[in-house]
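The values are calculated or read from the model by the stated rules, or taken from the named source; none is laboratory data. As the structure is a computational prediction, the values presented were derived from the model and not from experiment. Counting neighbours? That spans all protein chains shown, and the Cβs are built from the backbone with ideal geometry, glycine included. Side chains are part of the model used for accessible areas, which takes the heavy atoms of the whole protein and leaves out ligands, DNA and RNA. Shrake-Rupley method; radii C 1.70, N 1.55, O 1.52, S 1.80 Å.
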Amino acid sequence: MGCVNRKDLGLLVLRAAVGGVLFSHGTQKLFGWFGGGGLEGTAQGMEAMGFKPGGQSALAAGLGEAGGGALLIAGLATPVAGPVVAGTMAGATAVHFPHGFFATKGGYEYPALLGVCGLAISIAGPGRYSLDELTGHALGRPALGLLAFAAAAAGAYGVVSKRERGVRESAAAALDSEPE
């Protein structure tokens with residue numbers, strides 16, 4: 001491996017930070033760790049945000065965050081992990097988008113930043129201090145990354161579009177049921 005390389009060390013730190021945040025959020029959703037709602041509480045929250053069915057949405061979000069985060073931390077299947085993270089964060093960004101950019105106003109800056117960081121790591125590669133490097137990039141082939149990106153983009157588009165339609169339909173139904 002030679003001497004410590006600053007770029008590779010920087011990628012390790014970035015992977016650990018971004019992956020650690022994502023893993024923590026995902027385990028909140030899946031298991032209720034770190035004060036999270038677990039699948040049941042997250043499913044209710046997802047339904048309230050317009051993601052239906054809530055249980056499937058909670059499971060997908062939890063697996064995308066925890067799984068993508070764990071893969072980033074390990075530097076394993078990195079070209080796939082980044083698009084998984086970006087696709088998952090696209091759903092979170094859609095929820096916060098109406099509130100503008102800044103998180104202080106409930107905006108989307110935080111999930112967008114996590115998604116972009118995941119994607120950037122997948123493009124840059126995990127660096128030498130990773131399981132991808134240790135395994136000769138057996139699960140880190142660029143073609144897998146392109147396929148993962150296409151699948152994540154299509155999935156995110158479908159999920160966000162379905163949610164937006166549901167939110168619009170719920171708003172229209174609420175207006176129709178108001179007394180005149």
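For segment 84-180, give the magnitude of the charge dipole about the Cα centre (Cβ charges: +1 Lys/Arg, -1 Asp/Glu; no others), in debye to the nearest 20.
360
Give, rounded to the nearest 20 debye, the magnitude of the charge dipole that the chain has about its Cα centre when Lys and Arg contribute +1 at Cβ and Asp and Glu contribute -1 at Cβ. Could the numbers behind the result be given before it?
Numbers: 12 positive and 12 negative charges, 123 e Å.
Computed charge dipole of the chain: roughly 600 debye.
Could you please report the charge total around residue 125, scoring K, R as +1 and D, E as -1 over all other residues with beta-carbon less than 14 angstrom from its beta-carbon?
+1
Can you give me the solvent accessible area of residue 162 with a 1.4 Å probe, rounded to the nearest 10 Å²?
100
For the chain, with the dipole built from +1 on Lys and Arg beta-carbon atoms and -1 on Asp and Glu ones, taken about the Cα centre, which of 27, 71, 166 lies farthest toward the positive end?
Most positive-ward Cα: 71.
If you take the Cα atoms of segment 121-180, find Rg, then find the Kirkwood Rh from the mean of 1/r over all pairs, what is Rg/Rh? Could you put the intermediate results ahead of the total?
Values: Rg = 21.1 Å, Rh = 15.0 Å.
Looking at segment 121-180, the ratio lands at 1.41.
Provide the solvent-accessible area of residue 168, counting protein heavy atoms only and rolling a 1.4 Å probe, rounded to the nearest 10 Å².
Counting only protein heavy atoms, the figure is 150 Å².
Looking at the chain, how many pairs of lysines come closer than 28 Å at the Cα, when each pair is eight or more places apart or spans two chains?
6
If the only charges are +1 at each Lys and Arg Cβ and -1 at each Asp and Glu Cβ, what is the size of the charge dipole of segment 1-84 around the Cα centre, to the nearest 20 debye? Show your work: numbers first, answer last.
Details: 5 positive and 4 negative charges, 54 e Å.
Computed charge dipole of segment 1-84: roughly 260 debye.
If I compute solvent accessible area with a 1.4 Å probe over the protein chains, what percent of it on the chain is carbon and sulfur?
That share works out to 70 percent.
Treat each spin label as a single point 7 Å out from the Cα along the C-beta direction, and report the residue 171 to residue 103 distance in nm.
Placing both labels 7 Å beyond Cα along the Cβ direction yields 2.6 nm.
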